[in-house]
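Everything below concerns the one structure shown next.
The values are calculated or read from the model by the stated rules, or taken from the named source; none is laboratory data. Quantities reported herein were computed from a predicted structural model and do not represent experimental measurements. Note that each Cβ is placed from the backbone with ideal geometry, even for glycine, and that neighbours are counted across all protein chains shown. Side chains are part of the model used for accessible areas, which takes the heavy atoms of the whole protein and leaves out ligands, DNA and RNA. Shrake-Rupley method; radii C 1.70, N 1.55, O 1.52, S 1.80 Å.
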Amino acid sequence: MTILPDLSDLVIEQVSITNEVTVTVRAASPTASCPCCGTISKRVQSRYTRTLRDLPVSGRPVELIVGVRRFFCQQSTCVRKIFAERFPSLALPRVKFTRRLQETLAEMGFALGGEAGARLGKHLSIAGSSDTILRLVKQIPLPAVSSPRIVGIDDWSWKRRLHYGTLICDLERNKPIDVLPDRSVETVSAWFEKHPTVEIVSRDRSSEYAAGISKGAPQALQVADLWHIGKNLAESVETLLARCRAEIRRSLHVQIMPGQEQETWEPVLKGGRRPARSRSVALAREGRRAQKLDRYAQVIELRDQGLRAADIASRVGIGERTVHRWVAHGSFPEARQRRRRPSLIDPYARFVLSWWQEGNRKGSQLYKELTAQGYKGSSKAMYSYLATLRTPQPDAPKSTPLKRRRRESVPSSSAPLENFSGQRATWLFLCQPEKLDQMQQEEVALIRQASPSAETAYGLVQAFMQMIREHTGQPLDTWLSEVETSHLPELESFAKGIQQDKAAVFAGLTLPWSQGPVEGHVNRLKLLKRSMYGRAKLPLLRARVLHVAEKQPARAALLAG
Ligand SMILES: [Zn+2]
């Protein structure tokens, strides 16, 4: 980029620099050729000046004053009797911008849209209203769609998930090739009818796209995206594991029954409520509650008698704000039971418990072992944790063996599925077992042991995930029939969906194409759309998406067009 545009055919007559830079130029050649017939003419009919805006120089706007001559066409048969000379390298005819300014404005339009482009332009002393910018963007021809063979199709939300548009990408060239106004069967099939070269279409699990593609491109092989298949499976597993919680609770209950000495649920102590330290603590708590209940009754009674909050407060002997709070509450405000805070000893709870159950009682010894394992907490914290193991629970009879007391005091929320989110359990189920650390493997084992449904599901889920990981569809049929006899409704309904879309799922499991690149382009489309402040109209959005994808500078497009 030079300070001045290409002036090779021109003579600079004068340069004036004030707040603006004004350059006066005229053509160097004494002749000009007629734009109609090409005949060279040297007969000047008249002169005028044309003003062109150019790119700024050091923040100063630049204006070119071009002396233009009108010539007589000397070809007697030419329809043009008179023509004005042109400066093709400098500017297009009848345009008030130099070519390079026009290109810059169009690029700003593609990158930022009209409004933001104009605002930035003002800041950079590049003149051009948002209307001008948008007009320039629309003037640039869109890249032609070469016959695509392998495409990906995905949707994006126009407005608050009420209305969707469609983006189609060429997966071989990794670029968007069209933006459609909606995702209806008609629109999609019409597009494919116009593009008969398509052989393979990658798509999500949407039945609408499936139908549109089948209708418009019956010759094409549809490929269901693996990621979406995996997502569907994860959703089924999450529902299934939620159901397994009930099973696990029942299994917990069974283990409390006398005579059963299995240790399955013992170690899990995280979360849950802080166990009461002793009977006296529990009694004190009861006492405080009774006192509070009594005060509450007084407050309500006095309020009903019409007393002001301040008077109630002084009579009952509590703060005025408490009165307001209680009255606003509408019922007796039970004290919130404090959750047990996570403690540094939590990761070692399992170890401490087994140490305790082996009959060890020497705290100093335990503290040594814990610190050797990396425990960073104080010995005091460790001793108070031990105290919760030592103290009988309020409602547990003294004679009950410790093991059973612990079981009963462990709230049901300590069951592994309750202990971490359904999402986490789902993740553990889908993950490759070798990728899990020992703790995570134990968590999976706990869930599988506790629930027969989870156990059956785990095998099936892993078998499916293995197909995804190994990119094979061979075992799909066997897998589907195994699910049929699994009595797991969640997986059965997932399998039903696969069954209905089997060819595409099989293709997804075996072919290398995926929605990944399409989703990347969808994200960029969303960014562009957002930058247009919700006023994006399809033609402009489409122009911007396809132009940016082409990475073809507006300059080249302008020169070509
Ligand atoms: Zn002519």
Item to complete: Name, by its number, the condition in (1) open to solvent by less than 20 Å² (accessible area, probe 1.4 Å); (2) closer than 16 Å to Phe494 by Cα that does not hold for Ile447.
Response: (2)
Practice prompt. Tell me, yes or no, whether segment 116-133 has at least one residue that is more than 39 Å from the chain's Cα centre (by Cα) and either of a type in the set (Ser, Thr, Tyr) or modelled with pLDDT of 85 or more (or both).
Written response: no
Practice prompt. Take Cys37 and decide whether it is within 16 Å of the ligand (Cβ to nearest atom), open to solvent by 20 Å² or more (accessible area, probe 1.4 Å) and over 23 Å from Val15 (Cβ atoms).
Written response: yes
Practice prompt. Would you check if Arg100 is out of contact with any Cys (no Cβ under 8 Å at 6 or more places or on another chain), within 16 Å of the ligand (Cβ to nearest atom) and outside any strand (DSSP E or B)?
Written response: no
Worksheet item: Could you say which residue among Gly473, Gly520 is within 29 Å of Val201 (Cα to Cα) and part of a helix (DSSP H, G or I)?
Response: Gly520
Worksheet item: Does Pro93 count as under 30 Å from Gly117 (Cα atoms), in contact with a strand residue (DSSP E or B) (Cβ under 9 Å, 6 or more places away or on another chain), within 16 Å of the ligand (Cβ to nearest atom) and open to solvent by 30 Å² or more (accessible area, probe 1.4 Å)?
Response: yes
Discussion item. Here are the criteria: (1) more than 16 Å from the ligand (Cβ to nearest atom); (2) of a type in the set (Gly, Ala, Ser); (3) part of a loop (DSSP other than H, G, I, E, B). Tell me which single one Ala116 does not satisfy.
Written reply: (3)
Item to complete: Filter segment 17-49 down to residues that are in a loop (DSSP other than H, G, I, E, B) and more than 56 Å from the chain's Cα centre (by Cα), then give me how many there are.
Response: 11
Worksheet item: Does segment 169-180 include one or more residues that are surrounded by 16 or more Cβ atoms within 10 Å (Cβ to Cβ) and closer than 13 Å to Ala217 by Cα?
Response: no
Practice prompt. Could you list, in sequence order, all residues of segment 218-229 that are surrounded by fewer than 16 Cβ atoms within 10 Å (Cβ to Cβ) and assigned to a helix (DSSP H, G or I)?
Written response: Trp227
Worksheet item: Is there any pair with a first residue in segment 30-53 that is more than 21 Å from Leu64 (Cβ to Cβ) and a second that is away from the ligand (no atom under 13 Å from the Cβ) and among the charged types (D, E, K, R) whose Cβ atoms are under 7 Å apart and which are 6 or more apart or on different chains, and what are they?
Response: Thr31/Lys42
Worksheet item: In this structure, does Glu482 turn out to be assigned to a helix (DSSP H, G or I), out of contact with any Gly (no Cβ under 6 Å at 6 or more places or on another chain), under 30 Å from Tyr164 (Cα atoms) and acidic (Asp, Glu)?
Response: no
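Here is a yes/no grid of residues against (1) more than 20 Å from Leu353 (Cα to Cα); (2) under 29 Å from the mean Cα position of the chain (by Cα); (3) modelled with pLDDT under 90; (4) among the hydroxyl-bearing types (Ser, Thr, Tyr):
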{"site": "Tyr385", "(1), (2), (3), (4)": "no, no, yes, yes"}
{"site": "Ser412", "(1), (2), (3), (4)": "no, no, yes, yes"}
{"site": "Gln449", "(1), (2), (3), (4)": "yes, no, yes, no"}
{"site": "Thr456", "(1), (2), (3), (4)": "yes, no, no, yes"}
{"site": "Leu491", "(1), (2), (3), (4)": "yes, yes, no, no"}
{"site": "Ala495", "(1), (2), (3), (4)": "yes, yes, no, no"}
Worksheet item: Within segment 81-90, which residues are near the ligand (Cβ under 9 Å from one of its atoms) and open to solvent by less than 20 Å² (accessible area, probe 1.4 Å)?
Response: Phe83
Fill in: Among the candidates Ser206, Ser202, residue that is open to solvent by 20 Å² or more (accessible area, probe 1.4 Å), of a type in the set (Gly, Ala, Ser) and over 18 Å from Lys526 (Cα atoms)
Ser206
Practice prompt. May I ask you to list the residues in segment 50-80 that are assigned to a loop (DSSP other than H, G, I, E, B), open to solvent by 50 Å² or more (accessible area, probe 1.4 Å) and within 16 Å of the ligand (Cβ to nearest atom)?
Written response: Gln74, Gln75, Ser76, Thr77, Val79, Arg80
Worksheet item: Within segment 191-205, is there a residue that is of a type in the set (Phe, Trp, Tyr) and in contact with an Asp or Glu (Cβ under 7 Å, 6 or more places away or on another chain)?
Response: yes
